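To start, the structure under review is shown below, and the notes come after it.
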Amino acid sequence: MKQVLYAGLVFGLVPVQTTVLHYASIGGMRPDLCLVTACLVGFLAGEFEGMMLGLALGFMQDLFSAGELWLNMVTKGSIGLLAGLAGRYLANATPVAMLATMLGLSILSGTVFLVSVRTGQGLADAFLAVRSVMLPQAVLDAAVGVGVYWLIVSRGRPDQATQEKTSPLW
């Protein structure tokens, strides 16, 4: 069942991101659903699954974009791996921890793309790109990711008080 879900994500997210989200942009920015998905899967399912899904999503993005070859694949795979490592070593995974993780990983991804695209241009142009594009994009990605994380966690886990009362161990 999990493989069917992952295959649906791989073949469905890139077309949705390029077509449907074009009309649902906020200030001309759209969330990077592939980055958010790789981060969430890595955070919740582990670093291997996050890396593999990130590699597949990045490959699909590279296949359908005119950007640098393999850049999305390597970036999304690394994001899935790093999110999985962060999820493994967090003692208490809260939406705030997910917000910080998603924001940091989105900034890391944006920095990689900024360095690869803007080589040889001035420092002022890079600072303007960071301030006007990369940071708002990271905030939007983090907000979408935390919203989806909250939906997954609130539907998937019982309330702590209910769990303690009904647990056969107590």
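The values are calculated or read from the model by the stated rules, or taken from the named source; none is laboratory data. Here the structure is a predicted model, which means the values were calculated and not measured. Cβ coordinates were reconstructed from backbone atoms using ideal geometry, including for glycine residues, and neighbour counts include every protein chain displayed. Accessible surface is based on the protein model in full, side chains and every heavy atom, while ligands, DNA and RNA are left aside. Shrake-Rupley method; radii C 1.70, N 1.55, O 1.52, S 1.80 Å.
Given +1 on the Cβ of Lys and Arg, -1 on the Cβ of Asp and Glu, and no further charges, what dipole in debye does the chain carry about its Cα centre, rounded to the nearest 20? Write down the numbers at each step before the final one.
On the way: 9 positive and 9 negative charges, 45 e Å.
For this selection, approximately 220 debye.
Summing -39500 (n - 2.57) over the DSSP H runs of n ≥ 4 in the chain and dividing by its residue number, what mean residue ellipticity at 222 nm do you reach, to the nearest 500 deg cm²/dmol? The partial results should precede the final answer.
Values: 8 runs with 131 residues, N = 170.
It lands at -25500 deg cm²/dmol.
Please list log₁₀ I(q)/I(0) at q = 0.17, 0.19 Å⁻¹ for region 93-140, using the Debye equation with identical point scatterers on the alpha-carbon positions.
-0.51, -0.60
Probe of 1.4 angstrom, ligands and nucleic acids ignored: what's the accessible area per residue over region 59-135, in square angstrom? Write out the running numbers ahead of the final one.
Numbers: 4600 Å² over 77 residues.
Per residue, region 59-135 has 60 Å² of solvent-accessible surface.
Please work out how much length the chain gains when fully extended from LEU123 to SER154, using 0.36 nm per residue of separation minus the C-alpha to C-alpha distance, in nm with one decimal. Don't skip to the answer; put the middle values down first.
Values: separation 31, 0.36 × 31 = 11.16 nm, distance 4.37 nm.
Full extension of this stretch gives 6.8 nm more.
Quote the FRET efficiency, to the nearest 0.05, computed for VAL133 versus ALA24 with a Förster distance R0 of 22 Å and r equal to the Cβ-Cβ distance.
Details: r = 18 Å, r/R0 = 0.83.
So, using R0 = 22 Å, E works out to roughly 0.75.
Could you state the per residue volume, in Å³, of the convex hull enclosing the Cα atoms of region 23-99? Provide the component values of the computation, followed by the final result.
Working: hull volume 7.1 nm³, N = 77.
Given the Cα convex hull of region 23-99, per-residue volume reads 93 Å³.
Using a simple charge model, +1 on the beta-carbon of Lys and Arg, -1 on the beta-carbon of Asp and Glu, nothing else, what dipole does region 68-157 show about its Cα centre, in debye to the nearest 20? Please list the in-between numbers first.
Details: 6 positive and 3 negative charges, 62 e Å.
Here the size comes out at about 300 debye.
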